[in-house]
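Note sheet for the following structure.
The values are calculated or read from the model by the stated rules, or taken from the named source; none is laboratory data. Since this is a predicted model, take the numbers as computed values, not measurements. Note that we place each Cβ from the backbone using ideal geometry, even for glycine, and neighbour counts take in every protein chain shown.
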Amino acid sequence: MRFRGVNHVEFSVLDYDNSIKFYDRMFGWLGYKSFWTLDIGYRSTYYMARFPIPHSYIGIQPARTGDKLRHQDHAVGIHHIALWARSKREVDQFHRDFLQREAVTITDQPKLYPVYSPGYYAVFFVDSSGIRWELAYIPRIPMPWDIFKSFMALRKIRKQHPEWKRHPAKEAMRKLPSREDLE
């Protein structure tokens, strides 16, 4: 089993300089560190939550072609990217003290999403290129009432799917082929 997920992801933006100003403020507010390529081979600015020991990072580079994205179209490409929040309080503070002050387009106000996971709390927003972001908090140990809310939300959804024979969490799991299966 892997102990690390995504190494990095890079986004191409329409207005690189203004996007970097926005992302510097956003990731600075969230406590990230940043570095850039020094224009050696290509231009990209990176943001990482853990430094100097990298885990995963996000890169921003200038787009050569394209138009503003519309996440609601569900076109080919990334629909949104979620960043980890430390707490529900951080989600609310980020919404109030950063997103609203910066006049960022908020697509979904901060709220609980019990169908995702017990205690899942998030805000969704888009940048000037139309890239949709989420700041999400998932408690390591959910409170009993959050577990109950998730149970009730999934129970409601399960009633809409009589074809499901097991709990939605089990229905959702898929078996992937292993290396041995592919040989």
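Exactly one residue among Arg43, Arg4 is more than 30 Å from Pro118 (Cα to Cα) and either at pLDDT below 95 or β-branched (Val, Ile, Thr) (or both), and that residue is Arg43.
Each residue in the stretch 82-103 was checked for being touching a residue at least 12 places away in the same chain (Cβ under 8 Å), part of a loop (DSSP other than H, G, I, E, B) and surrounded by fewer than 17 Cβ atoms within 10 Å (Cβ to Cβ), and 3 of them qualify.
Just one residue in the set Tyr42, Tyr23 is farther than 30 Å from Arg140 by Cα, of a type outside the set (Gly, Ala, Ser) and either in contact (Cβ under 8 Å) with a residue 12 or more places away in the chain or in contact with a strand residue (DSSP E or B) (Cβ under 8 Å, 6 or more places away or on another chain) (or both); that residue is Tyr42. Taken over the stretch 128-170, residues that are more than 30 Å from Ala63 (Cα to Cα), in contact (Cβ under 8 Å) with a residue 12 or more places away in the chain and not hydrophobic (A, V, I, L, M, F, W, C) amount to 8. Out of (1) assigned by TED's automatic domain parsing to the domain that holds Arg140; (2) farther than 24 Å from Tyr137 by Cα, the odd one out for Asp15 is which? It fails just one condition, (1).
Tally time: how many residues in the stretch 79-103 are under 21 Å from Asp24 (Cα atoms), of a type outside the set (Phe, Trp, Tyr) and under 14 Å from the mean Cα position of the chain (by Cα)? Matching residues across the stretch 79-103 total 7. When the stretch 56-78 is filtered for residues that are small (Gly, Ala, Ser) and within 12 Å of the chain's Cα centre (by Cα), nothing remains. Scanning the stretch 52-75 for residues that are among the aliphatic types (A, V, I, L, M) and outside any strand (DSSP E or B), which turns out farthest from Asn18 (Cα to Cα)? Residue satisfying both the conditions and the ranking: Ile53. Inside the stretch 17-32, residues that are touching a Phe, Trp or Tyr at 6+ places or on another chain (Cβ under 6 Å), under 17 Å from Arg101 (Cβ atoms) and part of a loop (DSSP other than H, G, I, E, B) make up a count of 0. Residues considered: Ala103, Ala122. Of these, the only one that is small (Gly, Ala, Ser), at pLDDT 95 or above and in contact with a Leu (Cβ under 9 Å, 6 or more places away or on another chain) is Ala122.
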